Each structure stands twice: as C-alpha cells, then as structure tokens.
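Down below is the structure, laid out as structure tokens.
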C-alpha cells in the first residue's frame, strides 16, 4: 500500500493542495505542504480499490534552533495517509494536525507523569494503562494543568493535599 501511494504521488498531479506554517513553537519553525491525490487508476486492480478514496502526502520541513550554537538545524520528511473520501487539503491538514492532540494529551502525559514506558508490568498492562488514564482524567476534571507536580504534591501531603485540590 505504501509503495502504491508513493508511486501515485510521484506520477500524478494533486487534486488539491494546502500549505501551513507554524513559527516559533518550542524553538522550531515548521512548514507543511498537504497534497491530496485521487487514486482511481493507481489502485484499480488492488484489494484497496473500494476502501481508499484519497491518498494524502504531507511534506514537512522543520527548522529547530540549537540552543548551544544558536543555529537552525533543518530536517525534512514525507508522510503518506489514506482516506476513504476525497476531501479538501485544508480539511485533511486540520485532521492530521488534530490527531496529535491524542498523543500530546494522553500518551505523552502518561509517560511523562506516570513513567508508563519504563513500567515493568508485563501481566495485563492494559489494565494499568486504563488506571493511569483514569487518574489523569480525574486530575483534568479538577482543572489540574501540571499532572506530574500535582501527583508529587498529593504524595507528600496525603489527604490534606487532596482536600486542598478540592478532591474531597
């Protein structure tokens, strides 16, 4: 599938295209070009023909500022996505960008605050992942912005800390 998508994007013109630029976000500037391709002929004889309505190519160029030297390091990457429907490039760009909210709000917090990736739990790890998510959701419901700091304060203060955070 990846090879078909890559070949399609190299041999045909995009149906729609959109460019976005994020500047000065965490010492980096990022430029994205989102191109939407119609895969009609390319996937006609494959098992994917009925399921793929669009192939999306996202080309990213990222400039990261090196704190030590003050210079900008440049990196480029290309990612391919498939979609069931042929959508405008701006809508595809928005959907792809918003997907990362899941990673940033859930997985990153669970790993950073609860050290989930360092966990040695091998028996039913999904149960403990749900417990970590449950704890994070309780903290977010109570308008906690820094989960790691709040966990530390609760650990030190016990029930008094919970009362001060309006948990009890």
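Given the criteria over 23 Å from the mean Cα position of the chain (by Cα) and without any contact (Cβ under 8 Å) to a residue 60 or more places away in the chain, does residue 152 qualify? Yes: the conditions hold for residue 152. With respect to (1) in the same structural domain as residue 32 (by TED's automatic domain parsing); (2) surrounded by 11 or more Cβ atoms within 10 Å (Cβ to Cβ), the lone exception for residue 92 is condition (1).
Yes/no matrix, rows are residues, columns are (1) at pLDDT below 80; (2) closer than 26 Å to residue 23 by Cβ; (3) loosely packed, with under 10 Cβ neighbours inside 10 Å:
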site	(1), (2), (3)
97	no, yes, no
101	yes, yes, yes
115	yes, no, no
133	no, no, no
143	no, no, yes
154	yes, no, no
160	yes, no, no
165	yes, no, no
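Counting only residues that are within 19 Å of the chain's Cα centre (by Cα) and surrounded by fewer than 16 Cβ atoms within 10 Å (Cβ to Cβ), segment 31-45 holds 1 of them.
Identify all residues within segment 2-16 that are within 11 Å of residue 82 (Cβ to Cβ) and surrounded by 14 or more Cβ atoms within 10 Å (Cβ to Cβ); write none if there are none. 4, 5, 8, listed by residue number.
The values are calculated or read from the model by the stated rules, or taken from the named source; none is laboratory data. All values derive from a computational prediction rather than experimental measurement. All Cβ positions, even for glycine, are placed from backbone atoms using ideal geometry, and neighbour counts span all protein chains on display.
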